[in-house]
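Read through the structure below, which is laid out as structure tokens, and then see the notes.
Rule-based calculations on the coordinates, nothing more; no lab input. Quantities reported herein were computed from a predicted structural model and do not represent experimental measurements. FYI the Cβ positions are ideal-geometry reconstructions off the backbone, even for glycines, and counts take in every protein chain you see.
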């Protein structure tokens, strides 16, 4: 995507594609599933009238420049290389387990997050398609926990928002 190349080449930020994809491809009443392997996407209907998605501001400034984002990407590329994969999208938990001696504790955690997040994403889409919102919510909570504990990109403000959301019935 041209917008991603612009961020890479001119802003010198090795960003991903999620923000750009959502801005250009999302549609109301749907959740956007993005496959970074081939840049395909799928709109997954989310139109349950009894449910609401709450978007709230944590008041934590989001920046990629000067953030840990490039380091996380480098960790993932390093893990994929050790595992003999083009990307962690191709890796399994068995691959990680079989290469523990060759990976640092940090790259193990990063790889474990990515591999389990891919599985969670697939399970979440399946749950949405069968309108199993309880399972979807459980997977979203697991995703946050993995982002906090394995990928180490949460912060106290986000953790507090998740805790508040988990305290709401439903």
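A few remarks follow.
- Region 12-61: C-alpha gyration tensor shape, a/c 1.5 cut-off, then a/b vs b/c: oblate
- Label point of residue 31 set 7 angstrom out along Cα-Cβ; within region 110-129, amide nitrogens under 12 Å from it belong to 120-129.
- Take the Cα of residue 123, go 7 Å toward its beta carbon, and the backbone nitrogen atoms of region 139-163 under 17 Å from that spot belong to 139-151.
- Two-site label geometry, residue 160 and residue 74: point separation in nm, points 7 Å out along Cα→Cβ: 3.2
- Crossing angle, helix 105-129 versus the chain [Cα axis fit, 0-90 degrees, rounded to tens]: 30
- Within the chain, helix-based [θ] at 222 nm, where runs of 4 or more DSSP H residues each add -39,500 (n - 2.57), nearest 500: -16500 deg cm²/dmol
- Length-normalised contact order for the chain - Cα pairs under 8 Å, 6+ apart - percent: 15
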